[in-house]
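Notes follow once the structure below has been shown.
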Amino acid sequence: MEDRKITVVGAGTMGRGIAQLLAQHYVNVHMVEQNQTILGEAKEKIRGQYEILREYEFITEHEMNEALGRISLSDSLQDAQNSWMVIEAIPEVLELKQTLFQTLEEFCGPATIFATNTSGLSINQISVQLMHRERFIGTHFFMPAAIIPLVEVIRGDETSNQVCDEVMQFFKKIHKEPVLIQKDIPGFIGNRIQHAMAREAISLLEEGIATAEEIDTVVRWSLGVRLLFTGPLEQRDLNGLDVHHHIASYLYKDLENRTEPSRLLSEKVQNGELGTKTGKGFYDWDKDSQAAALQMKNAQLLQLMKWIRK
Ligand SMILES: NC(=O)c1ccc[n+]([C@@H]2O[C@H](COP(=O)([O-])OP(=O)(O)OC[C@H]3O[C@@H](n4cnc5c(N)ncnc54)[C@H](O)[C@@H]3O)[C@@H](O)[C@H]2O)c1
């Protein structure tokens, strides 16, 4: 891995997590970020995440310092040249991503793999104006990227088999759980399922059926615990498909199926209630509870991963 350079564009939440993960696995990472404040803070924020890993004995202090030494930063896309792969983690706006990759084509040779961390935009549309669409692929990490094992690898219509193979092998080597998704559909698999559940949960809240705490408690302590061991389809086999069919016959017509974001969600966004980042979302957050929640969740996830790997 040490001979490989990967450029990560965007040093926000996901870009930092991806850089942290790669550097820990002996990859030389260059991060490109256009916002000087975010650029200036990126390495310290990554160090903070490594400190949690160190606390739970995932890495030693020496390994942490070595990993940090593999990360370089700049504000110039030109520095992406000679990369084996470029992973884009800039905002979820199609035109921004299209323009970015067109610029990158000026600096990188045709052998460099171009990957997008889009949550669900079309791989074909992001790459439509590129000259070398065969090297373009989706690599969708889940937050926190350095901890959650899965990466959805999405092939576009023109992505070559060789690029798919190389990317899949690379993720296996760095102990990720990659799944190759053969069809470029909106939201891929993870976000389709996540949003179906969130749409129902927000609808239950909007209808006043239960509070946010009650809805979260039901999901966490039933489906949440079970889902780690049996996926939704395997679980249906365990329950019995006849049982599922009976329930589906009366329940599906009652489930939320609106095709636009709900009134409650739209109002919250319009009022600036964006969650932890603004101090209010479905819950209220102050600076301490917000930092504690994020820190604690990462620590809990790490302990869980440690137990699973054993
Ligand atoms: N946040 C999540 O939970 C999550 C999970 C999976 C996928 N994603 C996807 O990952 C991508 C990034 O999300 P995020 O949450 O990290 O966003 P973010 O807003 O935290 O970070 C984006 C960063 O990109 C920088 N940027 C914008 N344009 C740039 C450019 N041209 N060159 C260099 N830097 C640029 C911004 O300054 C910002 O620091 C999005 O496509 C998002 O949908 C997010």
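Just so it is clear, none of the values below were taken in a lab; they were calculated from the coordinates. Since the structure is predicted, the reported quantities are computational estimates derived from the model, not experimental observations. Here Cβ is always computed from backbone atoms with ideal geometry, including for glycine, and neighbour counts include all displayed protein chains.
When only the Cβ of Lys, Arg, Asp and Glu is charged (+1, +1, -1, -1), the dipole of region 49-89 relative to its Cα centre reaches about 140 debye.
Normalised size of region 5-181, defined as Cα radius of gyration per 2.2 N^0.38 Å with N residues, equals 0.97. Starting from the Cα of L304, move 7 Å in the Cα-to-Cβ direction to define the label point; list residues of region 222-236 whose amide nitrogen is under 19 Å from there. Once the point is set 7 Å along Cα→Cβ of L304, 222-235 turn out to lie under 19 Å by backbone N, inside region 222-236. The residues packed around S160, meaning those with a beta-carbon under 15 Å from its beta-carbon, carry a net charge of -3 if Lys and Arg are +1 and Asp and Glu are -1.
The order of the peptides 289-297, 27-35 by mean Cβ neighbours within 10 Å, most packed first, is 27-35, 289-297. Entry note: region 189-260 has Rg to Rh equal to 0.97, where both radii use alpha-carbon atoms and Rh is the Kirkwood radius. Put simply, the Cα atoms of the chain extend 57, 44, 44 Å along their principal axes, the longest span coming first.
Count Lys and Arg as plus one, Asp and Glu as minus one, and take only other residues whose Cβ is under 15 Å from that of S127; the net charge is then -3. If R₀ is 30 angstrom, what is the calculated FRET efficiency for the pair S76 and Q125, using the beta carbon separation as r and rounding to 0.05? So, using R0 = 30 Å, E works out to roughly 0.70. Placing dummy labels 7 Å off each Cα toward the beta-carbon, the span from R54 to E234 is 3.6 nm.
When peptides 156-168, 12-24, 75-87 are ranked by their average number of other Cβ atoms within 10 Å per residue, the highest-first order is 12-24, 75-87, 156-168. Averaged over residues, the count of other Cβ atoms within 10 Å places the peptides 103-110, 208-215 in the sequence 103-110, 208-215, highest first. This model, with +1 at the C-beta of Lys and Arg and -1 at the C-beta of Asp and Glu, gives region 189-260 a dipole about its Cα centre of some 240 debye. Sorted fewest first by neighbouring Cβ atoms within 10 angstrom, D184, D216, D284 come out as D284, D216, D184. Going by Cα centres, region 170-222 and region 28-42 are how many Å apart? Region 170-222 and region 28-42 have Cα centres spaced 30 Å from each other.
Counting Lys and Arg as +1 and Asp and Glu as -1 over every other residue whose Cβ lies under 13 Å from the Cβ of N257, the net charge comes to -1.
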